[in-house]
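The values are calculated or read from the model by the stated rules, or taken from the named source; none is laboratory data. Model, not experiment: these values are computed from the prediction. Glycine gets a Cβ as well: all are built from the backbone with ideal geometry, and neighbour counts include every protein chain shown. Only protein heavy atoms, including side chains, enter the accessible area calculation; ligands, DNA and RNA are left aside. Shrake-Rupley method; radii C 1.70, N 1.55, O 1.52, S 1.80 Å.
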Amino acid sequence: MQPRDETDLAEAIAGANGPLRIIGGGTRPVGKPVAGEALSTAALTGIEVYEPGALTIVVNAGTPVAEVEAALAAENQRLAFEPMDHRPLLGTTGEPTIGGVVAANVSGPRRVTVGACRDFMLGVRFVTGEGQVAKNGGRVMKNVTGYDLVKLMTGSRGTLGVLTQVSLKVLPKPEETGVVGIEGLTPARAVEAMSAALGSPYDVSGAAHFPVSANDEPQTVIRVEGFSNSVAYRVGKLGDLLGRFGEVSAVTGLGPDDTSWRTARDVSLWEGGEEDVWRIVTRPSDAPGIVARLPEGAKFQLDWGGGLVWAACAPGTDLRARLGPLNGAATLVRASEATRAALPVFHPEPAPVAALSARLRGQFDPRGVLNPGLMG
Amino acid sequence: MSSIAMPEPDAAIVGRKEEIVAALATAIGAESVISDPAETRAYECDALTAYSCPPLAAVLPHTTEEVAAVMRVCHEMGVPVVPRGSGTSLAGGALPTADCVILGTARLNAVLEVNYPDRYIRVQTGMTNLSVTGAVEADGYFYAPDPSSQLACAIAGNIAMNSGGAHCLKYGVTTNNLLGVRMVMADGEIIEIGGPHGEASCYDLLGVLCGSEGMLGVVTEATLRILPKPEGARPVLMGFDDPEVAGECVAAIIKAGVLPVAIEYMDRLCIRATEDFCGAGYPDVEALLIVEVEGSPDEIDEQLEKINAIARSLNPVELRESASAEESAMIWKGRKSAFGAMGQIGDYLCLDGTVPVSRLPEVLRRTGELSKQHGLACANVFHAGDGNMHPLILFNANAPGELEKAEAFGADILRLCVEVGGCLTGEHGVGIEKRDLMLDQYAEADLEYQMRVKDAFDPDWLLNPAKVFPLDLSAPRRA
Ligand SMILES: Cc1cc2nc3c(=O)[nH]c(=O)nc-3n(C[C@H](O)[C@H](O)[C@H](O)COP(=O)(O)OP(=O)(O)OC[C@H]3O[C@@H](n4cnc5c(N)ncnc54)[C@H](O)[C@@H]3O)c2cc1C
C-alpha cells in the first residue's frame, strides 16, 4: 500500500486486519524481520515550511533526505546531526527518507557534541495503530507544552505510530573544516587522546579512531568546524594539546562540505562484507575493554570519542554473551534474517523497563499491527 | 478569587490522615514526615503564589529506597503524591491538594560520581542547578542549562519541567543534557533509564520523562552531561527605538550563520524597572538586546564583528561591546535581576509562550495592542534567540477581579502564540496555569495519547494527577 496522504494513510491503518510492515525508503532494514503487508510513506512528500531565519524546517515523512539536504544547502544550512547513510553498510538501494531518519533516530559523528536526531526534533505528526492522526510538539525551538511525544516517536521505528510529518531544527553550515590526526595509537591511548580533545574548550565536532588506515597504521582523527580563523586557531591548539600522544598532523581548508568523515559516518569500510555488524554505545572509557573482549578476527572502529564502538564479527556470534555486562547497549545492525530472528536485535532492557515499553506499545498500537515484533 | 479550579479533595483520604501519617512514619521514620498544619503550610504553593493549599502531609526522604517506601505506602493506601523540588515552578506544577502527600527532594542532595574523561556527573536530584556546576567548575567544567532561578531550583524540578535558560540557544535545554535517571514508579518500583552512554536501547523513555511535570515517576538520581568551559565569553548590548527592528535583528543574526550562546530581549518598561532596581546602566530605549558569544579573544572579536555589522545596518540607538569582565557583569546584571525588579513594581503574571523567531516583531506589536484592550501593562523580557517570550503582565493582586483580568489577558497572548505557529509554554511548563488552554494548542486526540503515556507509567493516576491535562478530560482516569 502506498497511501496518497495522511488521511489515506490513517484509513489504511484503521482498515488493516493484519500486521503492517512500515517502509520509508527501505534502506535501513534494522530490527527483527516483520511479516506483514507493506505500507509505504513514499507518497507523503514535500517541504511544508522552511524558515532559514528561524532555523526550522517542516517536512513530510516520505521526502527524500537528499531533497531536504539540497533545500538546506541552498540557504547554507544543514542537518547538524549528520545522519548516517546505511546503504553502503547494509547493501541496500533506494532513497532514504527523512521519516526513516527520524523513525530510527539516525545520527552521525557530530552527535558526540551537538546531539542526536532526537535533539533536533521539534514536532511530529503521526498515525497510531488505531488509525488515529495525532500531533505533538510544533515548529519552535523551545516547547514544553505537555508530554514530549516527539522524543518518544523518534527512534520508535514505526512501532508506536507511522510518522507523516516531522519538524526539525537545522543549523548553519560552517565556513571551514579542519582535522587533526595522530597515527599509531592503541585503542586505549586513542580514547585518552579523544577525551582530552573533547574535554578541551576547542569545540570538537568529531572524534573517531580507525585501527587500520591507508598505510596500515591506526589513525585517530579529531574534527573542528566554524569560521576559518577560528578553525585554524583551534586546530593549532589541539595540536599542542595532543602532542604528548604522538606526532600530530593538521589539515585545514576542507571547506563546509568535507566528505572525509563519511567513512566514520557510514562505516563504509565494511561495505559488502559478510560479517555481522554491531553498534555498541558505551562510556568512552569502557571502549578499550570492549575492543579487547571482541572475538578473534573481529574488526572494530570507534566514533564519538569511543562512546560508539562499531564491531564486525563472524555471522551468528552472540556478541553480548561474549562481552558480558555492558555499561551501554549493543544493537545488531547487520546480520542475516536468521541471525536477527535468533538474537535480540536491540539490547534487552531490564524487565521492568521492558514491561513499560511493552505497555506503551499497547497504548499506541493496541491491535499490534505496526511493525509487530520489530523492536521486541 | 482565583479562577483555575482544582479537584475536590477526597474526603475519605483526608479522614484517614492519622493512619496515613503513621504508615509513612513507619516506612521512613517520623523525623522525615511533616504533618502538623503549621508546618505543612511551608509546602502550600510554588512560585505561582496566587494558588495555594496545604497538603495532607509532606515527606523528606534521604534515599531512593526511602522514596520507594513512601510510594509503596501511598500506592497501597490510594493517596496522591505531588513531587516537589525547590518549589520555584511558575506554573503551579508543585501545587498540592488537601488530600495529597508532598514528596520533597530537599534531602536528596549528594554528588554520587564525577567522571571527567566521559564528561558526566551523577547526582541526587535535590541538588540545586547551580550547585551541580559548582561541583565541577574548579576543574573547568559546567552544567549547561541555566534557568534564572538556578540558585534555588533543583535538578528534580529541572527534569520535570525540561527547564531552559539564557544559554540554551547554543547548549540546548535540560532534555539535551540529561543522560540517565534512577526513578521510583508510582507503585514503588525502582527503575533506571539511560545512563552515561546517553542512548535508549528501545523507546526514548528518558525523552518522554523529561518535561512530564512529576506525573510519570519520582526522579531521585540523574546522570547529567557536563561540558568544558569555553575560553571566554563576551556580551554586546544593543538598543533600538523600535521593537520590530530589534526582532528583525534577532532573525538576521541567526540567519547569518553566527551562533551566539544567548540573545536576550528587554523592553522599555522592563529596562526602566531594572534601572531603578539595580542601576545596570542600560540606555532608555524601546528595545534592548544582549547578544553573547564564546571562544578565544580572537574568535569572539570575529563573531562580534559580524553581529555588530548586522546591528549597525539596522540603525541602533546604542551599540555597546563589553571591554572587561566588569562591563560584562554589568550588562548581564540587569537581565538577571529583571524578574526581581518587576516584582518591586507590583504583582505580575509571567507568561512563557514560544513563537517562530520570524514572528517576534508581529507578536510584540499585537501583545501591545492586547495590553491596551485589557487595560493592563505588560513588560517583555525574554530569550529572543529561540523565540521564547516572557510577557510579564502587571496587576494588583489585592484589587478584586484583577487576577482574573490578568489571566484573561495572558490567555489571549498565549492563544496568539499558538495562532502564529508557536506554543503555550517554552520552558515553565503547563502545571495548572496553562492546563485549561491545552485544547487551544492540541486536539483531544493529541491529548488522549499523552494521557495514555501516563496510563502506561501510572495506571492509577496517583502522581501529580491534576496537572497538565484539562480536568474534565482527565476526570475519568483520575476517578
Ligand atoms: C525568578 C524565577 C526565574 C525562573 N527562570 C526560569 C528560567 O530561566 N528557565 C526555566 O526553564 N524556568 C525558570 N523558572 C521556573 C522554575 O525555576 C523551573 O521550572 C524549575 O525547574 C523548577 O524547579 P524546582 O526544583 O523549583 O521544582 P518545583 O517547583 O518544586 O517543581 C516543579 C515540577 O517538578 C516536579 N518534580 C519535583 N521534583 C520531582 C521529582 N523528584 N521527580 C519528578 N518530578 C518532580 C513537581 O511535581 C512539579 O511538577 C523560574 C522561576 C522563578 C521563580
Which cross-chain or sequence-distant (5 or more) residues have an amide H under 5 Å from the amide H of residue A:226, H modelled 1.01 Å from N in plane? A:175, A:176
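Below 8 Å, C-alpha to C-alpha, sequence gap of six or more: please give me the relative contact order for chain B in percent.
Relative contact order here is 15 percent.
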Lys/Arg +1, Asp/Glu -1 at C-beta; the range B:111-228 dipole; positive extreme among B:184, B:208, B:151: B:151
Please list 3J(HN,Hα) in residue order for the range A:134-139, calculated via the Karplus relation 6.51 cos²θ - 1.76 cosθ + 1.60 where θ = phi - 60°; whole Hz, with x for glycine and proline. 9, 9, 7, x, x, 10
Calculate one ³J(HN,Hα) per residue across the range B:265-279 by plugging θ = phi - 60° into the Karplus curve 6.51 cos²θ - 1.76 cosθ + 1.60, and present them in order as whole Hz with x for glycine and proline. 10, 9, 9, 4, 4, 6, 4, 5, 4, 6, 4, 4, 7, 9, x
Heavy atoms of the protein only, probe of 1.4 Å, neighbouring chains included. What is the accessible area of residue B:318 in Å², nearest 10? 50
Roughly how much accessible area, to the nearest 100 Å², goes out of reach of solvent when A and B pair up, both sides summed, probe 1.4 Å? 6600
Mean per-residue count of partner chain Cβ within 10 Å for A:190-196 equals 1
Obtain the nm distance between the two label points defined at residue A:93 and residue B:460 by a simple spin-label model: each point lies 7 Å from its Cα along the Cα-to-C-beta direction. 5.9
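Is the range B:46-151 best put as rounded, prolate or oblate by its Cα gyration tensor, with a ≥ b ≥ c the root eigenvalues, rounded for a/c under 1.5, and otherwise prolate when a/b is larger than b/c, oblate when not? Please list the in-between numbers first.
Numbers: a/c = 3.57, a/b = 1.61, b/c = 2.21.
It comes out oblate by the Cα gyration axes.
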Residues of the range B:201-224 buried by at least 40 Å² on assembly (accessible area, 1.4 Å probe, chain alone as reference): B:201, B:202, B:203, B:204, B:205, B:208
Among the listed pairs B:336/B:434; A:173/A:299; A:151/B:405, which have their C-alpha atoms separated by more than 29 angstrom in this model? A:173/A:299; A:151/B:405
Rolling a 1.4 angstrom probe over the protein chains, ignoring ligands and nucleic acids, what is the accessible area of residue B:327 in square angstrom, nearest 10? 80
Per-residue HN-Hα couplings for the range B:421-429 [Karplus 6.51, -1.76, 1.60; θ = phi - 60°; Hz; x = Gly/Pro]: x, x, 9, 6, 8, x, 8, 8, x
Taking a point 7 angstrom from the Cα of residue B:275 along the C-beta vector, which residues in the range B:353-379 have backbone N less than 17 Å away? B:379
Using only atoms on other chains, find how many Cβ atoms lie within 10 Å of each Cβ of peptide A:151-159 and report the average. 5
Protein accessible area in the protein assembly as shown, 1.4 Å probe - carbon and sulfur %: 51
Let a ≥ b ≥ c be the square roots of the eigenvalues of the Cα gyration tensor of the range B:346-419; is it rounded (a/c under 1.5), or, if not, prolate (a/b larger than b/c) or oblate? prolate
Value of relative contact order over the range B:11-107, rounded to a whole percent, pairs C-alpha under 8 Å and six or more apart: 33
Residue A:188 paired with residue B:244, simple spin-label distance in nm, labels 7 Å along Cα-to-beta-carbon: 6.6
Going by Cα centres, the range B:153-229 and the range A:340-367 are how many Å apart? 21
Give, in nm to one decimal, the length gained when the segment between residue A:240 and residue A:354 is fully stretched (0.36 nm per residue of separation minus the Cα-Cα distance). 36.4 nm
Calculate how many DSSP beta bridges within the protein assembly as shown are antiparallel, expressed in % of all such bridges and rounded to the nearest 5. 90
If the label point sits 7 Å along Cα→Cβ of residue B:65, residues of the range B:94-111 with amide N under 17 Å come out as B:108-110
Computed [θ] at 222 nm, helices only, for chain B once each DSSP H run of length n ≥ 4 contributes -39500 (n - 2.57): -11000 deg cm²/dmol
Hydropathy at least 0.5 by Kyte-Doolittle, axial extent at least 15 angstrom from the Cα trace: which helices of chain A, defined as entire DSSP H runs, fit? A:187-198
Quick check: residue separation of residue B:301 and residue B:399 times 0.36 nm, minus the Cα distance between them. What number comes out in nm? 30.2 nm
Result for chain A: accessible area per residue, probe 1.4 angstrom, in square angstrom, of 34
Is it possible to state the helix-based mean residue ellipticity at 222 nm for chain A, with each DSSP H run of 4+ residues giving -39500 (n - 2.57), the sum divided by total residues, to the nearest 500 deg cm²/dmol? What is it? -7500 deg cm²/dmol
Could you provide, to the nearest whole Å², the per residue accessible area of chain B with probe 1.4 Å? 33
Hey, with R₀ at 25 Å, roughly what FRET efficiency would residue B:187 and residue B:5 work out to, going by the Cβ-Cβ distance, to 0.05? 0.30
Estimated FRET transfer efficiency when R0 is 30 angstrom, pair residue B:408-residue B:30 (beta carbons, to 0.05): 0.05
Under 17 Å from the 7 Å Cα→Cβ point of residue B:323, by amide nitrogen: which residues of the range B:285-307? B:301, B:305
How big is the gap, in Å, between the Cα center of the range B:273-325 and the Cα center of the range A:244-323? 45
Post the alpha-carbon centroid distance, the range A:42-85 to the range B:1-34, in whole angstrom. 52
